[in-house]
Amino acid sequence: MRFVVTFVICCFSTIIGFAQYDTEALFVITAPNKKLTYKNLQLYPILAKDNFKLKHKHIGVYVGLKQALEEPTVMISENGGEHKVEDALAYLDNALKLWPEVASKTISHALAYPENNKGAKIDSFTVFDDELLHPEVQEKVEYDIVSQHLVLHNKSNDTIFIMAGEIIRGGQYDRIVARDMLIVPKRPAVDLPVFCIEKNRWQYNENGGPQFLQYGGMASIEIRQAVQGAKSQSTIWELVDRMYEKYAYDKTTHAYSDVLLSNNYQKDVEGYFKYLNEAFNEEVNVVGLVVVSGKEVVACDVFANTALFQESYKVLLASYVNEAVIHGSKPTLSATDVETYFQDLLNKKNEQVRVLDSYSTSFAVNGSILHLVNYIVRRSK
């Protein structure tokens, strides 16, 4: 088998400063609101001032991954993935470290320095060339590459916005998206970076194939952190296992989405969705949320405009609710602490900031931040 490395056109995450998102442009409403509080979860809306709206007025209206899969206007498959050569070489290097007993059987120098291989250029170098890569290494690296990359084709006339943490079902096992992306229409298929979120299955489901036809929802805050922060496959599997243990869900394969659909889990979360799902339908200035459970701010998501927030809110709510039922308690964090958290977060100018033990990142296209996310465990004094 040969995997030829090529470059593709798509929009990738960019970590930049948060200057566009500051307290001169955004503010949080901390006044008590019973309509935004349910059991272990309290939502504090973030509103945009006129200068923020003006700066982001060029941002279009995008279609979410859930809608794109349901219509369907997007095709996602694990067949025929194309990958950047630097990514493939990194995976190869990792494989040689994991399986050193076969490293000597590979022409590692030629792979690490493709310019030494008959003058091949880096943008056209064939990493998985049977003549260069020993079959034992090839098999292991192919598994890694295929696991972490899918092929996505936007067949519609719309631009599709995809968030890190969204789950797609199908293929030889379910996947979770590794980073925010913006997929423009009428372009060649693009590379979709993913992690595995279903252990113990490595085959197509009955009547299934390499395509991903079902939307699996948004992962928990913990798993979103593992995807964007630690970028750890083992941590993701560990967190899924904990869900199975908590809900005593017995199935051969550990698919995160199966737990979400289980009767026991649905009993715990259905009240949250009924109460909060429509909370922001009529809001015209809300662009994000500070999410609180117990004495902690557990997450904060902010978007470039109200349309993008509303498109994303009902997807993200699953992540917030999971936190509330798994780890949460009755919200007791004071309004003052919420305001302090918000001021601390937006007043940071670093590329990646930490507010106590938090992790923040932003997704930007052409210099405009579309999505700012902060995962945090901030304890009141």
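Here is how the numbers come out for the structure above:
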read-out	value
Residues whose placed amide H lies under 5 Å from that of Q172, excluding near-sequence neighbours	none
Radius 10 Å from Cβ of P331, net charge of other residues (Lys, Arg +1; Asp, Glu -1)	+2
Residue exposure sequence - Y275, Y341 - by fewest surrounding Cβ within 10 Å	Y275, Y341
Listed residue (S293, A307, Y275) projecting farthest to the positive dipole end of the stretch 267-308, Cβ model	S293
Residue-by-residue Karplus 3J(HN,Hα) for the stretch 184-191, coefficients 6.51, -1.76, 1.60, Hz, glycine and proline x	7, x, 6, 10, x, 4, 10, 7
Potential extension, D22-W202 segment - 0.36 nm per residue separation minus Cα distance	60.2 nm
Sites K155 and D241, calculated FRET efficiency, Cβ-Cβ separation with R0 51 Å, nearest 0.05	0.90
Per-residue Cβ neighbour rank within 10 angstrom, fewest leading, D250, D50	D250, D50
Virtual paramagnetic centre 7 Å along Cα→Cβ of D50, amide N under 19 Å, in the stretch 290-320	305-306
For D180, distant residues with modelled amide H under 5 Å away	A164
For V290, distant residues with modelled amide H under 5 Å away	Y44, I46
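Just so you know, all these numbers are worked out from the coordinates, no wet-lab data involved. Being a predicted model, the structure only gives us computed values, none of them experimental. Positions of Cβ are backbone-derived with ideal geometry, glycine not excepted, and every protein chain shown enters the neighbour counts.
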